[in-house]
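Novice: Please find one structure pasted underneath; my questions will follow.
The values are calculated or read from the model by the stated rules, or taken from the named source; none is laboratory data. Treat the numbers as computed from the prediction; the structure is a model and nothing was measured. For neighbour counting, all protein chains shown are included, and Cβ atoms are generated from backbone atoms with ideal geometry for every residue, glycine included. Only protein heavy atoms, including side chains, enter the accessible area calculation; ligands, DNA and RNA are left aside. Shrake-Rupley method; radii C 1.70, N 1.55, O 1.52, S 1.80 Å.
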2 protein chains.
Amino acid sequence: MNLTLEDIGRLAGVSRSTVSRVINDQDSVRLAVRERVQEVIRLTGYTPNAAARSLVSGRTGVIGLVIPSRVHSLFEDPYFSRLIQGISAASNQAGNTLSLFLFQNEEEEAELYPRVITSGFLDGLILTATRMADPLLARTAVGEIPIVVVGRPDVEGVSYVDVDNRGGALKAATHLSSLGYQRIGLLGAPVSTTAGLDRLNGFVEGLAACGLPLPPDLRVDGDFSEASGYVAMRKLLAHQPDAVFAASDTMALGALRALKEAGIRVPQDMALVGFDGLPGSENSVPSITTIRQPVTETGARAVHILNDLVTGVATAPIVEIMPVELVIRESSGTSRDSAGSDVE
Amino acid sequence: MNLTLEDIGRLAGVSRSTVSRVINDQDSVRLAVRERVQEVIRLTGYTPNAAARSLVSGRTGVIGLVIPSRVHSLFEDPYFSRLIQGISAASNQAGNTLSLFLFQNEEEEAELYPRVITSGFLDGLILTATRMADPLLARTAVGEIPIVVVGRPDVEGVSYVDVDNRGGALKAATHLSSLGYQRIGLLGAPVSTTAGLDRLNGFVEGLAACGLPLPPDLRVDGDFSEASGYVAMRKLLAHQPDAVFAASDTMALGALRALKEAGIRVPQDMALVGFDGLPGSENSVPSITTIRQPVTETGARAVHILNDLVTGVATAPIVEIMPVELVIRESSGTSRDSAGSDVE
DNA sequence: TATATTTCTGGGAGCGCTCCCAAGAATGTT
DNA sequence: AACATTCTTGGGAGCGCTCCCAGAAATATA
């Protein structure tokens, strides 16, 4: 039942080559012939065999998305969900097929990954949530397959797309400072991730630009989770900050819970700024001021860069930093002064 | 740089064919030769070209997972997250590669789907979240590619894996009845889904077996979401049930929120049973009695059945119903009597 | 030792496609 | 009308692999 080019050619009264030309939209096929062939293709529902095609062209149109073994819980994370959607949408649009590689554990990773990058099955790879000194990234240097990392990797020479973590955190700091807050605490993300590190540095830099320090006791780190935000906020409370920047919205949500429990009103008693721009921070009470990052667009850019690499339009490394945006909401809506404080 | 069978053969001093035999673990290769070839393969890091392989074998080892356009929000749903993980884990283990098809809208679905199932790129397909009269399912009947649906489809002749929705809802009903509750309400899932329908029927059947009715005013339907559970519970409250079965844990969580707001204690004033067995129902206060369904295993079974279909070990349609389990927690911990009621 | 039997190995054919080249058809030029 | 030029078209070759068959090597049997 499976048709071949030859079959279509026979039905249309032309040769294999002509049918191939029609399918690949190459010129130099007489209009009448072209239409006749297209009609036969339409009627038969013929689709070219992908394997044969890629055997000769050396390309499959398939790009892989690797999510390392650690991040399984994160799969429910709205960030990942949106990232995957962005990548999927962009690859559909670009005519790619997306293959998903979720490794269950390190052994699976070590066993499957080398095969994946060398079998010729993939045109390219998008790597997410790489850790510091990521073994996947190390293994990849050898392979010839184009790779784009989402999030800044800690090695040189790799193409990646990242959001402006540093700039975003800087914005958060200056925003809070401009409202008159002086004891601004940080609910940090793990510095074992480049995102955590960049947000920390940007935040410190922003405070410094406003003439403010970040005393060690005003910084407690979490792990991106709501629970860690809750715990960290409780610790922070002992040192009486008047505003807090949480390095993720999820942690900000946890912090908000801790503040509510402690009877501290937001923003009247304390201002709160998050990072990410997830729906949760918009729908909370009060809604949380945040640094919105373009997650879907980041995924889409990764796909486009990867395709440029695959087609040779560009050569690695390509780096792109996506802009972030300060979204002011209730949790930092009023200035320190109008909140009736005793400071300045 | 890309090696071929011929290259490996030359390096090992044997022919293409012998190398192929070693790689495919076929017998009748002298041990010494086999080891020499394996050594060369190990040293060179050779991996067979997937396209060439599948061109001749007619198989790619790739299975597709289709998530229709509607369910994008559901991607964050813990259910989908776990299902995808189950499917991914099982397909890794079975030596398959997983391709993910997230369609953004109906047009994309209509355009891409036919190509996907006919290009020969996929050995088989797993379809999730099909709706009643699903166009994908209808289109598929024509195609030759093996398909397994997760969740009972509303058409005949299709292989599928489902959980025992009917039996689970029946258990919930008899459990509540056995505790002495008499006005047991239903917070239903949409009957436009087979899961919603089956849970409704099982629940009614279970009540009937205990000699209890389901008065129309004791049934309000939601849409699986937390918000819909909240709203539905508030409506239900007006008709004073003494226990409620929510057809999903997420809705049960919403119901719990409504009950707390109304000052109704669970389980003292009202018992509550959910369905799914998600982490959220375990960690809530009080923890919610639920019907636990084996999500990961369901995904794994779908992969195995699909592989049986692909290899011809089995022929469609294959149907498998996964068992569910009543998990008793705080929200129905005590019997109606010991809760100090006036009934019986 | 000669022959029958089994085990192992090499090369041809072909999977369905794209690329290339050369031949044929159509058009342009004098 | 005769030739040069351009546009179309067909078929050969080959992508890297598996399958199959026949010949070579090893082993068993007389």
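Novice: Treating the point 7 Å from Cα along Cα-beta-carbon as the label, what are the nm separations from residue B:58 to the other copies, to one decimal?
Specialist: 3.1
Novice: State, to one decimal in nm, how far the label point of residue B:56 lies from the label point of residue A:38, with both points 7 Å from Cα in the Cβ direction.
Specialist: It is 3.8 nm.
Novice: Could you rank A:205, A:107 by how accessible they are, 1.4 Å probe, largest area first?
Specialist: My answer, sorted largest first, is A:107, A:205.
Novice: Could you work out, residue by residue across B:81-94, how many beta carbons of other chains sit within 10 Å of that residue's beta carbon, and then give the average as an integer?
Specialist: Across B:81-94, the average partner-chain Cβ count within 10 Å equals 3.
Novice: Same structure again: Starting from the 7 Å offset along Cα-to-Cβ, what nm value, one decimal, do you get for the label separation of residue B:265 and residue B:191?
Specialist: Each label point lies 7 Å from its Cα, and together they span 3.7 nm.
Novice: Helix-only estimate, please: 222 nm mean residue ellipticity of chain B, summing -39500 (n - 2.57) across DSSP H runs of length 4 or more and dividing by its residues, to the nearest 500. Write down the numbers at each step before the final one.
Specialist: Values: 13 runs with 150 residues, N = 344.
That calculation yields -13500 deg cm²/dmol at 222 nm.
Novice: For the stretch A:107-157, what relative contact order do you get, as a whole percent, if you take Cα pairs closer than 8 Å and at least 6 residues apart? Display every interim value, and only then the final one.
Specialist: Values: 40 pairs, mean separation 21.6, N = 51.
Value for the stretch A:107-157: 42 percent.
Novice: Evaluate the charge dipole of chain A about its Cα centre and quote only its size in Debye, nearest 20, assuming +1 on the Cβ of each Lys and Arg and -1 on the Cβ of each Asp and Glu.
Specialist: That gives a dipole near 840 debye.
Novice: Could you check the spin-label model distance between residue A:283 and residue A:322? Points 7 Å from the Cα along Cα→Cβ, value in nm.
Specialist: Between residue A:283 and residue A:322, the label points sit 2.1 nm apart.
Novice: For the peptides A:121-134, B:50-63, B:213-226, what is the packing order when you average, over each peptide's residues, the other Cβ atoms within 10 Å and list the highest mean first?
Specialist: On the way: A:121-134: 20.9, B:50-63: 18.9, B:213-226: 17.4.
Averaged packing, sorted descending, gives the order A:121-134, B:50-63, B:213-226.
Novice: Now for a separate question. Among DSSP beta bridges whose residues both lie in the protein assembly as shown, state the antiparallel percentage, nearest 5.
Specialist: Working: 8 of 78 bridges.
Once the DSSP bridges in the protein assembly as shown are tallied, antiparallel ones form about 10 percent.
Novice: Ignoring ligands, DNA and RNA, how much accessible area is buried between chains A and B, both sides summed, with a 1.4 Å probe, to the nearest 100 Å²?
Specialist: Chain pair A/B: roughly 3100 Å² of buried accessible area.
Novice: Translational diffusion coefficient of the stretch A:200-344 at 20 °C, 1.002 mPa s, Stokes-Einstein with Kirkwood Rh over Cα pairs, in µm²/s as a whole number. Walk me through the intermediate numbers first.
Specialist: Numbers: Rh = 16.8 Å.
My calculation gives 128 µm²/s for D.
Novice: Determine, at each q value in 0.14, 0.25, 0.26, 0.29 (inverse angstroms), the log₁₀ of I(q)/I(0) that the Debye formula gives when each Cα of the stretch A:139-180 is one equal point scatterer.
Specialist: Log10 of I(q)/I(0), two decimals: -0.49, -0.86, -0.90, -1.00.
Novice: With a bin width of 20 angstrom, please list the P(r) values of the protein assembly as shown as percents of all Cα-Cα pairs, from the 0 bin to the one holding the largest distance.
Specialist: 16, 41, 33, 10, 0
Novice: Sticking with this one: Residues with beta-carbon under 14 Å from that of residue B:168, excluding residue B:168: net charge, scoring Lys, Arg +1 and Asp, Glu -1?
Specialist: Neighbour charge sum, excluding residue B:168 itself: -2.
Novice: Is there a simple number for the mean count of other chain Cβ atoms within 10 Å of the Cβ of residues in B:42-50, and what is it?
Specialist: Going residue by residue through B:42-50 and averaging, the value is 4.
Novice: Given a 1.4 Å probe and heavy atoms of the protein chains only, how would you sort B:171, A:235, largest accessible area at the top?
Specialist: Highest to lowest solvent-accessible surface, that is A:235, B:171.
Novice: Right, something else. Ignore the peptide's own chain and count Cβ atoms of other chains within 10 Å of each Cβ in B:114-120; give me the average, rounded. Intermediate values should be presented prior to the final figure.
Specialist: Details: counts 2, 5, 2, 1, 8, 8, 8.
Average neighbour count from other chains, rounded to a whole number: 5.
Novice: So, one more: Go ahead and run the numbers for FRET between residue B:296 and residue B:115, Cβ-Cβ distance against an R0 of 41 Å, rounding to 0.05.
Specialist: That gives a FRET efficiency of 0.85.
Novice: Nearest-5 percent of antiparallel DSSP beta bridges in chain A?
Specialist: Percentage antiparallel, nearest 5: 10.
Novice: So if I take the alpha carbon set of the stretch A:5-48, get Rg, then get Rh from the Kirkwood formula, what is the Rg over Rh ratio?
Specialist: My calculation puts Rg/Rh at 0.90.
Novice: Compute the accessible area per residue over the protein assembly as shown, keeping the other protein chains in place, probe 1.4 Å, unit Å².
Specialist: Details: 29690 Å² over 688 residues.
With the other protein chains kept in place, the protein assembly as shown gives 43 Å² per residue.
Novice: Quick check: Cα centre of the stretch A:256-318 to Cα centre of the stretch A:5-31, how many Å?
Specialist: 50 Å
Novice: Under the definition of Cα pairs under 8 Å and six or more residues apart, what whole-number percent is the relative contact order of the stretch A:234-273?
Specialist: RCO, the stretch A:234-273: 52 percent.
Novice: If I histogram all Cα-Cα distances within chain B using bins 20 Å wide from 0, what percent of pairs lands in each bin?
Specialist: Result, from short to long distances: 28, 42, 22, 8, 0 percent.
Novice: So what does residue B:304 come to for accessible area, using a 1.4 Å probe and Å² rounded to 10?
Specialist: 80 Å²
Novice: Still on this structure: Computed over the Cα atoms of the stretch A:1-130, what is the convex hull's projected area averaged over all directions, in nm²?
Specialist: That works out to 10.3 nm².
Novice: Principal axes first, then extents: for the Cα atoms of the stretch A:110-181, list largest minus smallest coordinate on each axis, whole Å, largest first.
Specialist: 58, 21, 19
Novice: Now for a separate question. Give the relative contact order (percent, whole number) for the stretch A:5-48; include only Cα pairs under 8 Å separated by 6+ residues.
Specialist: Relative contact order, the stretch A:5-48: 40 percent.
Novice: Still on this structure: First compute the accessible area of the protein assembly as shown with a 1.4 Å probe, then give the percent of it belonging to carbon and sulfur atoms.
Specialist: Values: 15460 of 29690 Å².
Carbon plus sulfur share of accessible area: 52 percent.
Novice: Counting only pairs 8 or more residues apart or on different chains, how many lysine pairs in the protein assembly as shown have their Cα atoms under 28 Å apart?
Specialist: So the count works out to 7.
Novice: Dipole size in debye (nearest 20) for the stretch B:5-48 around its Cα centre, Lys and Arg Cβ +1, Asp and Glu Cβ -1?
Specialist: 100 debye
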